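Remarks on the structure that follows.
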Amino acid sequence: MEKHYADSQTKGVSTGVSNLYPILLEYVSSKTINKLIQLHDQIFCCIAGSLADAQAITKAAKFHLSFHSVQMENPPLVMAAASVLKELCYKNKEELQAGFITAGWDRKKGPQVYVVSLGGMLISQPFTIAGSGSTFIYGYTDAKYKPNMTREECQQFAINALTLAMGRDNVSGGVVHLVVITEKGVEHVVVPGDKLPKFHDE
Amino acid sequence: NMLEESGPEWLSEEVKTGTTIIAIEYNGGVVLGSDSRVSAGASVVNRVMNKLSPLHDKIYCALSGSAADAQTIAEIVNYQLDVHSAEIGEDPQVRSAATLVKNISYKYKEELSAHLIVAGWDRREGGQVFATLNGLLTRQPFAVGGSGSSYVYGFVDAEYRKGMTKEECQKFVVNTLTLAMSRDGSSGGVAYIVSIDEHSTEEKVILGNKLPTFYDQ
């Protein structure tokens, strides 16, 4: 279980993930697991829920998407990636327990964010949060989000939100991973624990 | 008889104050805030309930959890504080009120399911906020509670600063309640605010349409 956050703005999309501590009961099975999966050149997704289910789904989705993009002779739309994930989640909803945030850039609509929930609902949102830690920052993101932020504002918004969630959720923590996707390409930003902003209780 | 109707669901569901409650201290006093929704299952059985209950002139508590349990604790402590303050011949300390609440919450922790935040002003320590969740007693600069509080932990962590004025505290409380009420299904209605300082105890209601608005998707 971990906290995910993704938002979009007119020029690009940044996807952030914070938890590096998947937990088997009370055992930390790994301290370094990457929750930002690349589905295609400019489409990433963050996973929430059962890691095993999420990995299986994203593997299948990656394959479908690359096949699809060869057939279309064009990079896939972000909506297509989200749809592929949704089909898998919805058709197998009895067995699966995974949700996704899909974010990326395509030529048709520019930067977009989609969320596929546990049962297979797919909706597009300007920004979205998910994962166990997200409950703690609904209030913060509702208060602080404004449409049409710049890239730096978005990044700072994501880092702040993730930091606050990590401060309250016992299964989120460690390092903040950000992926910034724009028309030009993809950039991976890592913010280690000691460089995170400090709030009043520290 | 399986075919017989057992009446509407809300008659048999437990009545809870789903709730968002908050209390914050500032130099010279405290501000308490709560929403006004009381739910029984999926029904709202009271949309204008004041969950800020006086324990003494300058000590209030905020109720959350089971409505019956919370109200009963508040009534008992109100009585105990009256007796206590008559015995000592002066106004009781906030810590005393919080301790009385804690004693009940801890002793009956298996039977009760209510969380009260106690806040007020006394001559010795000024404004104080105490949390009594599950029978602990701890003093904090501010405390949030109830089902709606989970959604605003991030917001209060980010926005709280030491040394806020009374007006800033009141705004902080109203903003926090508004955000929680808009996300938590068990919180809603109007916002009740109580401000306590050396000179006065002021109760205020802010109606739903006068609450601040944030970006809504």
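No value in this document is a laboratory result; all are computed from the given coordinates. All values derive from a computational prediction rather than experimental measurement. Reconstructed Cβ throughout: ideal geometry from the backbone, glycine too, with neighbour counts over all protein chains shown.
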Revision key, fill the gap. On the formula 1/(1 + (r/R0)^6), with r taken between the Cβ atoms of residue A:60 and residue A:34 and R0 of 22 Å, the FRET efficiency rounded to 0.05 is 0.75
Revision key, fill the gap. Out of B:20, B:138, B:176, a Gaussian network model of chain B with alpha-carbon springs under 10 Å gives the largest mean-square fluctuation to B:138
Exercise for review: Take the Cα of residue B:214, step 7 Å along the line toward its Cβ, and report every residue of the stretch B:180-198 whose backbone nitrogen sits under 18 Å from that point.
Suggested key: B:180-192
**Study point:** Where a label projected 7 Å from the Cα of residue B:83 along Cα→Cβ would reach, residues of the stretch B:108-140 with amide N under 12 Å
**Key:** none
Check your understanding: Separation of the stretch B:35-53 and the stretch B:92-134 by C-alpha centroid, Å?
Key -> 22 Å
Practice item. Please list A:120-132, B:78-90 highest first by mean number of surrounding beta-carbon atoms within 10 Å per residue. Key: A:120-132, B:78-90
Review point. What does the highest-first list of B:147-154, A:107-114 look like by mean Cβ count within 10 Å?
Key: B:147-154, A:107-114
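Taking the Kirkwood radius as the inverse of the mean 1/r across Cα pairs, report the Rg/Rh of the stretch A:23-195.
Values: Rg = 16.0 Å, Rh = 16.9 Å.
So for the stretch A:23-195, dividing Rg by the Kirkwood Rh gives 0.95.
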Point to revise | Alpha carbon centroid spacing (whole Å) that separates the stretch A:155-195 from the stretch A:32-97 | key: 21 Å
Revision key, fill the gap. Most exposed to least, judged by fewest other Cβ atoms within 10 Å, B:199, A:188 sort to B:199, A:188
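Let me know the charge dipole size of the stretch B:11-99 about its Cα centre in debye, to the nearest 20, where only the beta-carbon of Lys, Arg (+1) and Asp, Glu (-1) is charged. If you can, show how the numbers build up before the last one.
On the way: 6 positive and 11 negative charges, 79 e Å.
With only Lys, Arg, Asp and Glu charged at Cβ, the dipole is about 380 debye.
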Study note, to complete from the structure: Averaged over the residues of A:132-138, the number of partner chain Cβ atoms within 10 Å of each residue's own Cβ comes to 6
Practice item. Quick one: order A:105, B:10 by neighbouring beta-carbon count within 10 Å, fewest to most. Key: B:10, A:105
Review point. Looking only at other chains, what is the average number of their beta-carbon atoms within 10 angstrom of each beta-carbon in A:165-171?
Key: 2
Point to revise | Geometric extent, Cα atoms of the stretch B:28-208 - Rg, Dmax (angstrom) | key: 15.5, 47
**Study point:** Bins of 5 Å from zero: percent of alpha-carbon pairs in the stretch B:121-217
**Key:** 2, 11, 20, 24, 22, 14, 6, 2, 0, 0
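How large is the helix-only mean residue ellipticity at 222 nm for the protein assembly as shown, computed as the sum of -39500 (n - 2.57) over DSSP H runs with n ≥ 4, divided by its residue count, in deg cm²/dmol to the nearest 500? Intermediate results must be reported in sequence, preceding the final value.
Values: 9 runs with 126 residues, N = 419.
Taken over the protein assembly as shown, the calculation gives -9500 deg cm²/dmol.
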**Study point:** Average beta-carbon neighbours from other chains, 10 Å sphere, peptide B:156-164
**Key:** 5
**Study point:** Sites residue B:123 and residue A:187 - FRET efficiency at Förster radius 56 Å, r taken between beta-carbons, to 0.05
**Key:** 0.45
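What do you get when you divide the Cα radius of gyration of the protein assembly as shown by 2.2 N^0.38 Å, with N the number of residues? All intermediate terms of the calculation are to be shown ahead of the outcome.
On the way: Rg = 24.4 Å, N = 419, 2.2 N^0.38 = 21.8 Å.
Compactness ratio reported: 1.12.
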Point to revise | Residue of B:142, B:155, B:172 that the Gaussian network model of chain B assigns the largest fluctuation, springs spanning Cα pairs under 10 Å | key: B:155
